[in-house]
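The next block holds one structure in the form of structure tokens; read it before the comments.
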Amino acid sequence: VGEQALLKCSFKSSSPVTESLLVDWTYRPHSGGRMETVFHYQSIPHPTTAGKFRDRISWVGNVANGDASIVIHSPELSDNGTFICSVKNPPDV
């Protein structure tokens, strides 16, 4: 709490990285409940515009280097949960 939290995600692909590469970050609260998308990347970052992480997530990744990491600003105890990074680089998934 009070410091930004780096969520690291690295990937490898046998295909060259192109503008077709997709990164999706999803979140499920520790207490259970539905999954929600908190960040999407395709050519450019698309932070969520709704939900508890609105205006609090920044892209710090570099897909050319196999990095799809994000930062959560002003994390709160209630942010505790499971974060999943999904990278698709057609034809690789």
Using the Cα atoms of the chain to build a convex hull, what is its mean projected area in square nanometres?
5.9
Under 19 Å from Lys12, Cα to Cα: aspartates and glutamates that are on another chain or at least 8 residues apart:
Asp24, Asp67, Asp92
Using a 1.4 Å probe and counting only protein heavy atoms, arrange Asp79, Asp24 so the residue with the most accessible area comes first.
Asp24, Asp79
Accessible surface, per residue, of the chain when the full set of protein chains is kept, probe 1.4 Å, Å²
62
Sulfur and carbon atoms: percent of accessible area, the chain [1.4 Å]:
51
Treat every Asp and Glu Cβ in the chain as -1 and every Lys and Arg Cβ as +1, leave all other atoms uncharged, and give the resulting dipole magnitude about the Cα centre to the nearest 20 debye.
160
Using the charge dipole of segment 4-88 (Lys, Arg: +1 at Cβ; Asp, Glu: -1 at Cβ; taken about the Cα centre), state which of Ser15, Pro45, Ser31 has its Cα farthest towards the positive end.
Ser31
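The values are calculated or read from the model by the stated rules, or taken from the named source; none is laboratory data. What you see is a predicted model, and the numbers here were worked out from it, not measured in a lab. Cβ atoms come from the backbone with ideal geometry, glycine included; neighbour counts cover every protein chain shown. Ligands, DNA and RNA are excluded from the accessible area calculation, which covers all protein heavy atoms including side chains. Shrake-Rupley method; radii C 1.70, N 1.55, O 1.52, S 1.80 Å.
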